[in-house]
Amino acid sequence: MNSITEITKQLSLNTRLFRNVLEGISETESVKRMNEHTNHLRWIAGHLVGNRFRNSVRMGLKPAPFVQMDKYFIPDTPPPGNRPYDPALQYPELKELLHSWDLYSGPWIEAIGNSTPDQLATVLPSQLPLGNTLLDAYAFIASHEIYHIGQMSIIRRVLGHDAMSFIK
């Protein structure tokens, strides 16, 4: 089994865990913050959806637009270009975010899995935490997603829900 297969397996697991961590969360709960220094579930979920959308576009895919991008990213700024949480903004509901997540995930992961060894060895213009090739970028993206899903799982527990399922 090669590295890209392992990364696509992790991204597929992240796809399922994203759905699982939000299961049973109400829209009212989704905007509760643990304190004034943390993001709520809608912000974190939208941040992850926006990243899958942006990475799909970077790969040359033509996904349906993520119309809420401006709430999560500052246009025309270098990566990562994240917009911090803003209490004045109305973030999209979880049902919209879950729909977009599902829309982007399958084609994006399939395209990653179809990357050639030469493509994966492409050196990127900037250094990432794990290196500077496209393969390194995909490994970092998988780690970035699971980091935020972990944050979401803590918020889930603070809201009084059972732990996220890893199985279903």
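The values are calculated or read from the model by the stated rules, or taken from the named source; none is laboratory data. Owing to the predicted nature of the structure, the values given are computational and were not obtained by experimental measurement. Every residue, glycine among them, receives a Cβ derived from its backbone with ideal geometry; neighbour counts consider all protein chains shown. Heavy atoms of the whole protein, side chains included, go into the accessibility calculation; ligands, DNA and RNA do not. Shrake-Rupley method; radii C 1.70, N 1.55, O 1.52, S 1.80 Å.
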- Message: Cβ-Cβ under 9 Å, sequence separation 6+ or interchain: first residue in region 140-161 and without any contact (Cβ under 8 Å) to a residue 60 or more places away in the chain, partner of a type in the set (Ser, Thr, Tyr) and open to solvent by less than 60 Å² (accessible area, probe 1.4 Å). Which pairs?
- Response: none
- Task: Quick one: count up the residues across region 55-84 that are touching a helix residue (DSSP H, G or I) at 6+ places or on another chain (Cβ under 8 Å), within 26 Å of Gly150 (Cβ to Cβ) and not aromatic (Phe, Trp, Tyr).
- Result: 9
- Message: Can you tell me which of (1) part of a helix (DSSP H, G or I); (2) crowded, with 19+ Cβ neighbours inside 10 Å is the one Asn39 doesn't meet?
- Response: (1)
- Item | Restricting region 1-32 to residues that are free of Cβ contacts under 8 Å to residues at least 24 places away in the same chain and either in a loop (DSSP other than H, G, I, E, B) or β-branched (Val, Ile, Thr) (or both), the residue that is least open to solvent (accessible area, probe 1.4 Å) | Ser26
- Determine which member of the set Pro92, Pro79, Pro63 is modelled with pLDDT under 95, under 18 Å from the mean Cα position of the chain (by Cα) and assigned to a loop (DSSP other than H, G, I, E, B). Pro79
